[in-house]
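The values are calculated or read from the model by the stated rules, or taken from the named source; none is laboratory data. Since the structure is predicted, the reported quantities are computational estimates derived from the model, not experimental observations. Virtual Cβ from ideal backbone geometry, glycine too; neighbours counted across all protein chains shown.
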Amino acid sequence: MTSPKPMTARVVTFVILVLALGVAAILARNVMGARARAARSDVAAVVKGLSVPPDTATATPGFERARARRLAVDEMQSMLTALVSAESALVVDSGFPRALPGRAYWSRPMGNNLGPYIRVSYDGWLAWTGNTHADVWCAVAVGPDTQWFGNAPSRKPVCFGTNVPRPDLARIGQADYQRHLRAAQSQPR
């Protein structure tokens with residue numbers, strides 16, 4: 001019977017070294033993992049403290065202006081949408097829109113809005129409004145001619161900043177009169 005070969009000193013040293021490295025890696029993982037989890041929870045707490053829910057924070061003046069502007073735009077758009085509904089009911093009842101709808105159809109401006117300023121044209125009507133708390137104005141065009149407000153779809157309110165000038169009533173009147181003359185000439189007598 002042959003006896004097993006004795007292990008050499010090199011093999012024993014290699015095995016001991018691999019075992020020592022494995023134990024060191026396991027211990028380092030446990031210690032470093034606990035530190036990493038603690039650091040991660042600290043970072044999460046700091047980030048949670050930095051992120052504030054909107055509209056509840058102590059806001060900067062810029063944030064307050066932006067919020068007031070958003071609210072003013074929503075207010076103006078809802079007022080113009082209500083005006084479109086009121087004028088539509090008026091047209092159904094009387095046959096034509098009016099620049100001053102009666103109290104049965106339209107009661108008053110909403111919120112801090114100025115206007116609405118209504119211009120009845122040959123084949124539709126236009127309305128625009130401003131707000132005391134925002135540097136924005138909104139408009140709506142009903143009828144086939146919506147060129148005055150960026151060719152927006154009829155009956156859909158659109159808003160512009162103050163760098164866009166408000167409608168020029170003289171130009172609108174001239175264009176409306178020209179459309180009326182063209183329509184009158186095209187009809188047989």
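What pairs come up if the first residue lies in the range 60-75 and is over 24 Å from V140 (Cβ atoms) and at pLDDT below 85, the second is β-branched (V, I, T) and surrounded by 15 or more Cβ atoms within 10 Å (Cβ to Cβ), and their beta carbons are under 7 Å apart, counting only those six or more places apart or on different chains?
Partner pairs satisfying both residue conditions: none exist.
Considering only residues that are touching a Lys or Arg at 6+ places or on another chain (Cβ under 9 Å) and within 14 Å of Q77 (Cα to Cα), which ones fall in the range 150-171?
If the condition is that a residue be touching a Lys or Arg at 6+ places or on another chain (Cβ under 9 Å) and within 14 Å of Q77 (Cα to Cα), then F160 is the only one that fits.
Can you find, within the range 137-179, the residue that is nearest to the chain's Cα centre (by Cα) among those that are buried (at least 17 other Cβ atoms within 10 Å of the Cβ) and of a type in the set (D, E)?
So, considering only residues that are buried (at least 17 other Cβ atoms within 10 Å of the Cβ) and of a type in the set (D, E), the one nearest to the chain's Cα centre (by Cα) is D145.
Being at pLDDT below 85 and among the aliphatic types (A, V, I, L, M) narrows it down to one residue among A139, A170, A127; which is it?
It is A170.
I'm trying to understand the selection: among the residues of the range 93-130, which are over 25 Å from the mean Cα position of the chain (by Cα) and of a type in the set (A, V, I, L, M, F, W, C)?
F96, A99, L100, A104, W106, I118, V120, W125 - these are the residues of the range 93-130 that are over 25 Å from the mean Cα position of the chain (by Cα) and of a type in the set (A, V, I, L, M, F, W, C).
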